[in-house]
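Asks: Have a look at the structure that comes next, please.
The values are calculated or read from the model by the stated rules, or taken from the named source; none is laboratory data. The structure presented is a predicted model; accordingly, all values stated were derived computationally and were not measured. Counting neighbours? That spans all protein chains shown, and the Cβs are built from the backbone with ideal geometry, glycine included.
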Amino acid sequence: MSTLGTEQDPLLVAIVGSGPSGFYAAEALIKSDIAVKVDVLERLPSPFGLVRSGVAPDHQKLKQAIKLYEKIAASPEFNLIANVTVGTDITVKDLCESHHAVIFTCGAESDRKLGVPGEDLIGSHTATEFVGWYNGHPDYRDREFDLSHDVAVIIGQGNVAADVSRILSKTVDELKQTDIAEHALDTLAESKIKEIHVIGRRGPAQAKLTPKELREFGELADCSPVVLSEDMILNPESEKELEEKSNVASKKIYDLFCEFSKREIDSSKTKKCFFSFLMGPKELVGNSRLEKVVLEKNGLSGEPFKQSARGTGETIELESGILFRSIGYRGVPIEGVPFHENWGTIPNEKGRVTDNDNNVVSQFYTAGWIKRGPSGIIGTNRACSVETVGCLLEDITKLDDGSKKSGAAAIYTILDSKNIRHVNYAEWKKIDAKEIERGEPKGKPREKYTYIDEMLSVTD
């Protein structure tokens, strides 16, 4: 009879990724009625994933979720093993041998491509690069963004597109007391951008940013939102979408766009942020770097809530020296783990990882964006992780193969043999405290370390 899950034989689970879904999975395991030990592996020396490096610096309230994660991390069953890359520093096979189960919660780390000519020109960037850069993510610390042009184009109308366009629209005074990285603040202070164009392939009724995000554009110190009144004319299918009681947010967004379209442009403000609809990129043009964006006008077809955008053949050109694409994210495969290339996710059934033949892969589970795709808000990951952990606990007898698992001890042995410097949660708290201390003289919540060696030097 299996004793797995008892105090004498606790369930050992490795979680790959320390973002929201990783913490919520750890919480669900710790709150279960069995004995567990949870080891969370993180590629960076800092935990919290996109809450730390994805949430916009001027949206500090959204980062309050970290307070909950800190409580989870304080549990004796929780252990952080950071500054370790699964797939290189430690293999998936190693985790299978050291733990009873592995949950992959590594998010969606790359952007979807536009798939148009000229996409790789200098001046054409992903939203992920820019967001990581201004948030002090070590992967993007040394990226360069030329803001010496008059016009910036953002392709997409979701919350990330809103963040990028809002950061470009704000003054240094509006940003300097956030936790924006100092190098980004210095570059933004020299920005020459006067026009920001936020392009959506569908109409105003289908824009995916939140009402709160959109409302902020009407309150900026030196930037006016601009919406053309003719763009507010909807087709019958879009009108039906907004009539649905369940579609309250989209109706609020549409009403805000309508309000912007009736505003007089404030001539005292030096910047304008244009929201344009029913257009998509056809081509990016330039000799060695981006010079203009060719946009094709779209038409909508299909029934309400299933409308798709189709090009009409009519194009317009927009001169621009910098472009950011924000049309969705996709996961990155890990060696030894099934991956659905078209979807950019790990194939699964309610969090149980499956292979190409739809067979459940023993020991493997997944949660978060790498499980379901980039959808929902921070809190959405909780239910997603709870579902996955529920399936894992249902499988507990199958996870007991009779072999002795050593958990973190086995991982440390491998890492030490490779001279890989790993960071525990107490060491992360030293980095955290130092960042907060560095921010105090500047009136900032923190001044982040943007290089990994700087972070590690704090823990030595």
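Asks: I'd like to check something: does the stretch 184-197 contain any residue that is touching a residue at least 40 places away in the same chain (Cβ under 8 Å), in contact with an Asp or Glu (Cβ under 7 Å, 6 or more places away or on another chain) and surrounded by fewer than 18 Cβ atoms within 10 Å (Cβ to Cβ)?
Replies: The answer is yes; a qualifying residue exists.
Asks: Only one residue in 351, 299 is touching a Ser or Thr at 6+ places or on another chain (Cβ under 7 Å), surrounded by 20 or more Cβ atoms within 10 Å (Cβ to Cβ) and either more than 30 Å from residue 194 (Cβ to Cβ) or not assigned by TED's automatic domain parsing to the domain that holds residue 16 (or both). Which one?
Replies: Working: 299 fails: surrounded by 20 or more Cβ atoms within 10 Å (Cβ to Cβ).
Going through 351, 299 in turn, just one is touching a Ser or Thr at 6+ places or on another chain (Cβ under 7 Å), surrounded by 20 or more Cβ atoms within 10 Å (Cβ to Cβ) and either more than 30 Å from residue 194 (Cβ to Cβ) or not assigned by TED's automatic domain parsing to the domain that holds residue 16 (or both): 351.
Asks: So, of the residues in the stretch 359-390 that are among the basic types (Lys, Arg) and touching a Cys at 6+ places or on another chain (Cβ under 9 Å), which turns out to be surrounded by the most Cβ atoms within 10 Å (Cβ to Cβ)? Show your work before the answer.
Replies: Kept after step one, since they are among the basic types (Lys, Arg), are these residues of the stretch 359-390: 371-372, 382.
Then keep just the ones that are touching a Cys at 6+ places or on another chain (Cβ under 9 Å); that gives 371-372.
Values: 371: 26, 372: 21.
Looking at residues that are among the basic types (Lys, Arg) and touching a Cys at 6+ places or on another chain (Cβ under 9 Å), I get 371.
Asks: Specify which of the listed residues (456, 392) is under 21 Å from residue 95 (Cα atoms) and at pLDDT 95 or above.
Replies: Details: 456 fails: under 21 Å from residue 95 (Cα atoms).
Unique residue meeting the criteria: 392.
Asks: Taking the condition of a type outside the set (Gly, Ala, Ser) and under 21 Å from residue 99 (Cα atoms), does residue 332 pass? Spell out how you get there, then give the answer.
Replies: Numbers: of a type outside the set (Gly, Ala, Ser): yes; under 21 Å from residue 99 (Cα atoms): no.
Against the criterion (of a type outside the set (Gly, Ala, Ser) and under 21 Å from residue 99 (Cα atoms)), residue 332 does not qualify.
Asks: Take the conditions touching a strand residue (DSSP E or B) at 6+ places or on another chain (Cβ under 7 Å) and more than 29 Å from residue 52 (Cα to Cα) and apply them to residue 399. Does it pass? Talk me through it step by step, then tell me what you get.
Replies: Details: touching a strand residue (DSSP E or B) at 6+ places or on another chain (Cβ under 7 Å): yes; more than 29 Å from residue 52 (Cα to Cα): yes.
The answer is yes for residue 399.
Asks: Out of 429, 405, 398, which single residue is modelled with pLDDT under 95, in a helix (DSSP H, G or I) and farther than 30 Å from residue 209 by Cα? Show your work before the answer.
Replies: Numbers: 429 fails: modelled with pLDDT under 95; 405 fails: in a helix (DSSP H, G or I).
None of the other options fit; the residue is 398.
Asks: Within the stretch 132-178, track down each residue that is part of a strand (DSSP E or B), surrounded by 24 or more Cβ atoms within 10 Å (Cβ to Cβ) and of a type outside the set (Gly, Ala, Ser). Please lay out each step first, then the result.
Replies: Residues of the stretch 132-178 that are part of a strand (DSSP E or B), as a first pass: 151-155.
Of the ones still in play, those that are also surrounded by 24 or more Cβ atoms within 10 Å (Cβ to Cβ) are 152-155.
Hits for the stretch 132-178 are 153, 154, 155.
Asks: While we're here: From the set of residues in the stretch 1-27 that are in contact with an Asp or Glu (Cβ under 9 Å, 6 or more places away or on another chain) and assigned to a helix (DSSP H, G or I), which is surrounded by the most Cβ atoms within 10 Å (Cβ to Cβ)?
Replies: The selected residue is 22.
Asks: Given the conditions (1) surrounded by fewer than 16 Cβ atoms within 10 Å (Cβ to Cβ); (2) on the phi > 0 side of the Ramachandran plot; (3) assigned by TED's automatic domain parsing to the domain that holds residue 22, which single one is not true for residue 443?
Replies: (3)
Asks: Further question: Given the conditions (1) among the hydrophobic types (A, V, I, L, M, F, W, C); (2) over 30 Å from residue 241 (Cα atoms); (3) assigned to a strand (DSSP E or B), report the number of the one that residue 391 does not fulfil.
Replies: So the condition that residue 391 fails would be (3).
Asks: Something else now. Would you pick out the residues in the stretch 240-253 that are within 25 Å of the chain's Cα centre (by Cα) and either exposed (fewer than 13 other Cβ atoms within 10 Å of the Cβ) or not β-branched (Val, Ile, Thr) (or both)?
Replies: Once the filter is applied, which keeps residues that are within 25 Å of the chain's Cα centre (by Cα) and either exposed (fewer than 13 other Cβ atoms within 10 Å of the Cβ) or not β-branched (Val, Ile, Thr) (or both), the stretch 240-253 yields 247, 248, 249, 250, 252.
Asks: Kindly provide the set of residues from the stretch 217-239 that are part of a helix (DSSP H, G or I) and surrounded by 16 or more Cβ atoms within 10 Å (Cβ to Cβ), ordered by number. Don't jump to the end; show me each part of the working.
Replies: If we filter the stretch 217-239 for residues that are part of a helix (DSSP H, G or I), which is where we start, we get 217-219, 229-232, 236-239.
Selection gives 217, 231, 232, 237, 238.
Asks: Still on this model: Of the conditions (1) farther than 30 Å from residue 63 by Cβ; (2) surrounded by fewer than 17 Cβ atoms within 10 Å (Cβ to Cβ), residue 405 clears all except one; give me its number.
Replies: With (1) farther than 30 Å from residue 63 by Cβ; (2) surrounded by fewer than 17 Cβ atoms within 10 Å (Cβ to Cβ) applied to residue 405, the lone miss is (2).
Asks: Of the residues that sit in the stretch 199-212 and are under 22 Å from residue 281 (Cβ atoms) and assigned to a helix (DSSP H, G or I), which one is nearest to the chain's Cα centre (by Cα)?
Replies: 206
To keep it simple, each residue is scored yes or no on (1) among the charged types (D, E, K, R); (2) closer than 30 Å to residue 320 by Cα.
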site: 76; (1), (2): no, no
site: 85; (1), (2): no, no
site: 93; (1), (2): yes, no
site: 101; (1), (2): no, no
site: 105; (1), (2): no, no
site: 112; (1), (2): yes, yes
site: 117; (1), (2): no, yes
site: 128; (1), (2): no, yes
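Asks: Please state which of the following conditions residue 46 fails to meet, knowing it meets all the rest: (1) at pLDDT below 95; (2) assigned by TED's automatic domain parsing to the domain that holds residue 365; (3) of a type outside the set (Val, Ile, Thr); (4) over 30 Å from residue 400 (Cα atoms).
Replies: Failed condition: (1).
Asks: Being of a type outside the set (D, E, K, R), farther than 22 Å from residue 178 by Cβ, assigned to a loop (DSSP other than H, G, I, E, B) and in contact (Cβ under 8 Å) with a residue 60 or more places away in the chain: is that true of residue 374 here? Show your work before the answer.
Replies: Values: of a type outside the set (D, E, K, R): yes; farther than 22 Å from residue 178 by Cβ: yes; assigned to a loop (DSSP other than H, G, I, E, B): yes; in contact (Cβ under 8 Å) with a residue 60 or more places away in the chain: yes.
Yes: the conditions hold for residue 374.
Asks: Among all residue pairs at least 6 apart or on different chains, which show Cβ distances below 7 Å where the first residue, located in the stretch 398-411, is assigned by TED's automatic domain parsing to the domain that holds residue 93 and the second is at pLDDT below 90?
Replies: 399/4; 400/2; 400/4
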